[in-house]
Amino acid sequence: QLQLVESGGGLVQPGGSLRLSCTASGSGFQLYAIGWFRQAPGKEREGISCINNSGGSTNYIDSVKGRFTISRDNAKSTVYLQMNSLKPEDTAVYYCAAAAGAECVGPPDEYDYWGQGTQVTVSS
């Protein structure tokens, strides 16, 4: 029902910034909570941030608080992740995912639709 496409990844130096976008096609985008996840080699997929359907509620894991900001524009069917003060440990493939229902949920298996991922590499 939803197709999600991430964009905006790339190579950046430590301390730099990137803005990731997650754009949806299909119906009902405004009904879904959207999460951002990342996965580094050999590690489990990790939820890092989520925004509810209206954009009125957001959450972040401690390691990205104060550095990353999630937002959404339902008129554009797009969710953004602004990433500042990037660190090498932020290097991963970043995915967006949609969860049926208005509010954010927990683990990856509770999300219904996924994008293809975009690589973020933070390195000197």
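The values are calculated or read from the model by the stated rules, or taken from the named source; none is laboratory data. Bear in mind the structure is a predicted one, so any value in this text is a computation, not a measurement. Heads up, the Cβs are rebuilt from the backbone with ideal geometry, glycines too, and the neighbour counts pull from every protein chain shown. Just so you know, the surface numbers come from the protein's heavy atoms only, side chains and all, with ligands and any DNA or RNA stripped out. Shrake-Rupley method; radii C 1.70, N 1.55, O 1.52, S 1.80 Å.
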| said: Among the residues of region 76-84, are any more than 10 Å from the chain's Cα centre (by Cα), open to solvent by 50 Å² or more (accessible area, probe 1.4 Å) and among the hydroxyl-bearing types (Ser, Thr, Tyr)? | reply: no
Listed by first then second residue, the pairs whose first member lies in region 107-124 and is within 18 Å of Tyr32 (Cβ to Cβ) and buried (at least 18 other Cβ atoms within 10 Å of the Cβ), whose partner is at pLDDT below 95 and among the β-branched types (Val, Ile, Thr), with beta carbons under 8 Å and at least 6 positions apart or on separate chains, are Tyr111/Val105
Conditions (1) assigned to a loop (DSSP other than H, G, I, E, B); (2) open to solvent by less than 30 Å² (accessible area, probe 1.4 Å) -> Ile70 fails only (1)
Going through region 39-63 in order, the residues found to be open to solvent by less than 20 Å² (accessible area, probe 1.4 Å) and within 12 Å of the chain's Cα centre (by Cα) are Ile48, Ser49, Cys50, Ile51
Scanning region 64-75 for residues that are within 27 Å of Gln1 (Cα to Cα) and of a type in the set (A, V, I, L, M), the one farthest from the chain's Cα centre (by Cα) turns out to be Ala75
(Q) Would you confirm, using the coordinates I've provided, whether Asp90 is of a type in the set (Asp, Glu), open to solvent by less than 60 Å² (accessible area, probe 1.4 Å), touching a strand residue (DSSP E or B) at 6+ places or on another chain (Cβ under 6 Å) and modelled with pLDDT of 95 or more? (A) yes
Per the list (1) in contact (Cβ under 8 Å) with a residue 40 or more places away in the chain; (2) β-branched (Val, Ile, Thr); (3) part of a loop (DSSP other than H, G, I, E, B), residue check on Val79 breaks on (3)
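So that you can scan it fast, the table gives a plain yes or no per residue for (1) farther than 26 Å from Pro88 by Cβ; (2) assigned to a loop (DSSP other than H, G, I, E, B):
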{"residue": "Leu11", "(1), (2)": "no, no"}
{"residue": "Pro14", "(1), (2)": "no, yes"}
{"residue": "Leu20", "(1), (2)": "no, no"}
{"residue": "Lys43", "(1), (2)": "no, yes"}
{"residue": "Ile48", "(1), (2)": "no, no"}
{"residue": "Gly56", "(1), (2)": "yes, yes"}
{"residue": "Asn59", "(1), (2)": "no, no"}
{"residue": "Ser63", "(1), (2)": "no, yes"}
